Each structure stands twice: as C-alpha cells, then as structure tokens.
1. If ALA571 satisfies every condition in (1) surrounded by 16 or more Cβ atoms within 10 Å (Cβ to Cβ); (2) in contact with a strand residue (DSSP E or B) (Cβ under 6 Å, 6 or more places away or on another chain) but one, which is the exception?
2. If I ask for residues that are closer than 12 Å to ALA25 by Cα and touching a residue at least 24 places away in the same chain (Cβ under 8 Å), which ones from region 254-263 would you list?
3. Can you say whether ALA504 is at negative phi and in contact with a Ser or Thr (Cβ under 9 Å, 6 or more places away or on another chain), as far as the supplied structure shows?
4. Within the group ASN171, ASN180, which residue is more than 30 Å from ILE294 (Cα to Cα) and in contact (Cβ under 8 Å) with a residue 60 or more places away in the chain?
5. Being over 24 Å from the mean Cα position of the chain (by Cα), polar (S, T, N, Q) and more than 18 Å from ASP538 (Cα to Cα) is the filter here, so list the residues in region 438-477 that pass it.
6. Here are the criteria: (1) in contact with a strand residue (DSSP E or B) (Cβ under 8 Å, 6 or more places away or on another chain); (2) under 16 Å from TYR444 (Cα atoms). Tell me which single one VAL526 does not satisfy.
7. Restricting to region 203-220, name every residue that is under 25 Å from LYS242 (Cα atoms) and assigned to a helix (DSSP H, G or I).
8. Pairs needed: first member in region 351-369, without any contact (Cβ under 8 Å) to a residue 24 or more places away in the chain; second member anywhere, surrounded by fewer than 24 Cβ atoms within 10 Å (Cβ to Cβ) and among the charged types (D, E, K, R); C-beta distance under 7 Å; at least 6 residues apart or different chains.
Amino acid sequence: MNQNSLKNLTELAKLIRYLILTSTAKAGSGHMTSSMSAVELMTALLFGGIFRYDLKNPKYHNNDRLIFSKGHASPLLYSLFAATGKIKHQELKSYRQFTSRLQGHPTPDFPYTEFATGSLGQGLSIGVGLAINAKYLDKLPYRTYVLIGDGEMAEGSVWEAIQIASHYKLNNLIGVLDVNRLGQSGQTMYGHNLTAYQKRISAFGWQTIVIDGHDFSQIIASYQKAAKTKNKPTMIIAKTIKGKGVAFLENKTGWHAKVLSPVQLTKVLPALGKIDFTLRGEIKKPKEIKLKKIKPKIKAKNYPKINQDLVATRQAYGEALVKIFPANPQIVVLDAEVNDSTYARLFKEAYPKRFFEMFIAEQNMVGVALGLASRGKIPYVSTFGAFFARAFDQIRMAQYSGLTANINFVGSHAGTSIGHDGPSQMGLEDIAMFRTIINSAVLYPADYFSCEKLVSCAIKHPGIVYIRTTRMATPIIYSAREKFELGGSKILAKNKFDKITVVAAGITLHQAIGAVKDLKRQKINVRLIDCYSIKPIDKKTLRQAAKQTGKILTVEDHYVAGGLGEAVKTALEDIPVKIYSLAVEKMPRSGKPDELLANQKIAKEAIVKKVKKIVCKK
C-alpha cells in the first residue's frame, strides 16, 4: 500500500470515529465502543479498493454485499456511508430518533442495508444465502462480506453457517471477525486468544487469516488474499481494541452500550486530531454484467392420477413444486434433511440445481433463505412443523427485512395426528408462531388439491407464508378445478336451518365432515367451513355464519393458544356470537393417529358430542 492511500484511509478513519462519537452522544445511547473497534476493518474494505458497489444503485445485482451481523455497530455503518457523502453528516444527529431512518440496529429503512440485524448470530447465514446465489444460481462474481462480533461466536447458528459454507465451497464468502475481547458484561469466551478461533474455524474447512485489525496494510492484504482463495470460504480473524481511538475507553469494561456525556465529548474530540470534514471515501463500482434469464428445462413428470384414494398433503406439496417451477423459475427449495418426509425430494429429483440441502440446521436454513430471497429468489423452506420453533428468532427477524423476506415455509408432520413418533415431533405451536409475524399468511390445506393450489398461491404473497401439511394420507375433498386463494374459505355444508357452524382446517376438517354427516342423520343441521386460510382469515364468511347460526365451534389439531380458535374469535370480536373450541389441551403422547385425535377430543365423536351439548342446551 502506498503512503498516499494509507494516509487517506487514516484520515477517513479519524472522520468516521468522530461521526461515531458525536452521533451516539447526541442520541444519548448506542454502541459506541463496539463500533470503534471495527473502524479500520470496514474503512479498508469500503475505501481501500476492495469493495465493489454502485452507491447510486444499492440493489444492483452485481454489487458486493456487506452484512453487519454485529448490528449493534450501526453507528459505524451509518458513519461509513456518511463518509461517502451519500448521507449528510447532519443526518447522523437524528440517530435513534423516532422519525429517523437511522435506527438503533440496522433495518432496510436505511437504503444501504438489505437486512435487519441486531439479534446476534444471524448475519453469516444470510451471507451464505447470498454467496450460494452468486456461485450456483446467478453465477455472478460479487463477494459477500460479513462483519461478525467475537461475542456472537458463542451462537450455534454461526457454526451452522460455518459448516454449510464449507460444504458448498463458498470461496466468495468472507467473514470479518472483530475480536475486541469484551462483551456486554465482561470478557468473551476466548478473549484475545486468536489461535482458539483460528483452530476451530479452520477445522471446519475455512481459510483463516489472523491479523492486527487496526493495521491497514495487514487488513488490505487479508482482503486481497481472500479474493484469490479457491473452493473454500475465508475468515479474517482480527485482533482489535474495543473503544479504539479514545485512550480512556480502550479495552475497558463497563462501556458496552454506553456513550460519552456532552462534557466528556468536548474533552475527547480534540485528541482525535484535526478532522477533514470535506473528505469523501470512494467505493469502486462493480463490473456491469447482464443478469441471465433462467430458462428451465421442463422435466415431464407423470404422477399417478389423483382420484378418491387417500393422499397426504405433504405429497401434494412436493408434486406441486415440480409442476409450478417452469412457470416460476425463481423458485429454490431448501430442506433440513427430511426431504423424504416433506416430499421436497420430488423437486430435488426434478431440478437438482435448484435444491439445496441444509441438513439438520434449521436456524441457518432460515437465514440462507432470507439471503436468497433478497436476490429475487422465491424460497420454499421445508421441515417438520415442530422444528421451525428452534428457528423462530430467524423467522421473526426476517419480517423486519420487509419485502426482502418473501419466503414460503412448509411444515409437515403437524399436530397429534402424526401418531407414534410422539410429542417431540408434533408441531402444535406452529400456527400461533407464524400468526404473530407481521404481514404473514398461514395456510392449512385439508386435501391434495387444496394444498397444490395453495403452494402456488404462496408465490403471490409479498411476505412470509406458512403452509401446514399433514403426515397421514387423507381423502380427496375438492376437484382439480376448485379455486383457492389467500384469505378464502370453503363452505362444505349449509342449510337455512343450521343451528351451529363448525370451523375446521386440515386434519380436523375430515373429522368434522364425518361429524356433520352423523349429526344430519340425527336431524341436527350444522354449517361446516373449511378455514384453510387462517391468516388472512375470511371474515366475511365467518361473520355471515355467526349472524345466521349464532354459535361457532372451532376444531383444531393445535394448542389452544394462538391457533385457529383464537383467530376466529379475533375475526368475530364485535359480533354477538357464542364461540366454543376443541383443541389440543392434554399432554400429547405416542399412539395411533385415531387414538390421539380421540384422546384430545378433536375426533369425529367428540365433535358430535360437543355440538349436541351446545345446541341442546336449554
């Protein structure tokens, strides 16, 4: 590195530290010291001729990508782009204010941020998704850089990402590990023992480069070496000082998430030296490459003709993916090593280059899906419904990335009806979990054709979609011509003499169908609604039924809290109607599906008994 370049980077680092200190002091909060430890690492990356990025077009497909997994270092992120001149220094004074786009942790409100970060341990997984997209799908030369804090290296999700990145030989993924030694309440697990990090990360098949994280020459050389690496990802392990640049803050505990007072600030700033406020950092533009349009080779697949035989909705999911892919070539499928059970294997067999095995690492799988979604792909992510619970933090964080998070989750083996495997495998919290997500859709098809149609509908929803599928084979209810839509429902039984409305979805709909037939033979008319779209819910149909029958009974193979019953109650909160519910209330156990449904009082016989008790009540 020549002296002019070194001097320019040094002066930019001084400016960036000044902006970090002043913006956090003005806000009265923020992670000042955590930002200061990575100043040289990020200044060298953006302004040292390494990073390729079109500042006028942040969404450009061949831009290098930068993820702040240590999202609490947002003052550094914002200051870097202030140093480019793309945001004014004055705007930094709005940091953390209600009306500001400069939130406490980065979100896409800030145009140079693609992902919401701040819940630690997630950025590297997102980076894996971006790198997979570049190497295997779009075949673009952009690189993905992820700034990681040493504290978040205790998160299992980081190691999930490290493993899968090595498996897919992602030489276009560069992790930048900011080892500043100090966490919130003391020293991190390994402190400044860089060898400990190097041994562990290299054991997973990564190239590791150990450097002084404040030495520009070493930093630039490490980025250059990473760019030349073949067939493996790179982790730059940088020894840094928390609070670097302010003597009394450096390497001191007790300053995490704390800022300088106005008095302290006036004393500290002169020590930085003369600041050139006119200085601007330059980022080199990426190579202009036209994105190739995908022309999938259609592989004919003749599935058995669907008739009145029993067919599982999970099978419909796999077959639907194969059918809809040619018309939707942005689809990619991820599965957590259960693709035989989820039937994602059918897509894998038909389009192996669009299928990515994520193994039993659901947290990482969700992060990878988010990275792929940001690049215009439409991920379908499948595992057992129960196992999305361990990835809920990644799912809830994805919603804060806005329209970037166009991801379709498919949870199979839901409910007690899975049978002998027992409660560890039963998704009984999944509807509640996905209902909480802003702008999410929750779909629970009951038969082959409804599932096939809803898999296709999910593409149109600009946000997170959850499709709940059933392990056991169920009868066909609908014809191949039946239409389904988000926010819809189906009325399967209706009479002007209906005394009650039964609302069910998925497996319990079949139980309800049998119950309604039995009740009809006993001269009790019951309206039956297939509430396949639990969110958004068909308020119009439900409200009409409530007004006409006066009583509602919901039946679901899910816990009471947050399930179908509560969704219906919310939809009818201003209607004078009595609402009853049958749901899973006992501790589940192993057994035959019919035994379990009966034990939880959500089988046909329990529905008949409950309806009679309600309508015959005097």
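The values are calculated or read from the model by the stated rules, or taken from the named source; none is laboratory data. Remember, predicted model here, so these are calculated numbers, not experimental data. For neighbour counting, all protein chains shown are included, and Cβ atoms are generated from backbone atoms with ideal geometry for every residue, glycine included.
1. Of (1) surrounded by 16 or more Cβ atoms within 10 Å (Cβ to Cβ); (2) in contact with a strand residue (DSSP E or B) (Cβ under 6 Å, 6 or more places away or on another chain), only one is false for ALA571: (2).
2. Scanning region 254-263 gives ALA257, LYS258, VAL259, LEU260, SER261, PRO262.
3. yes
4. ASN180
5. Within region 438-477, THR474 is the sole residue that qualifies.
6. Here VAL526 meets the rest and fails (2).
7. PHE216, SER217, GLN218, ILE219, ILE220
8. PHE355/LYS348; GLU357/GLU337
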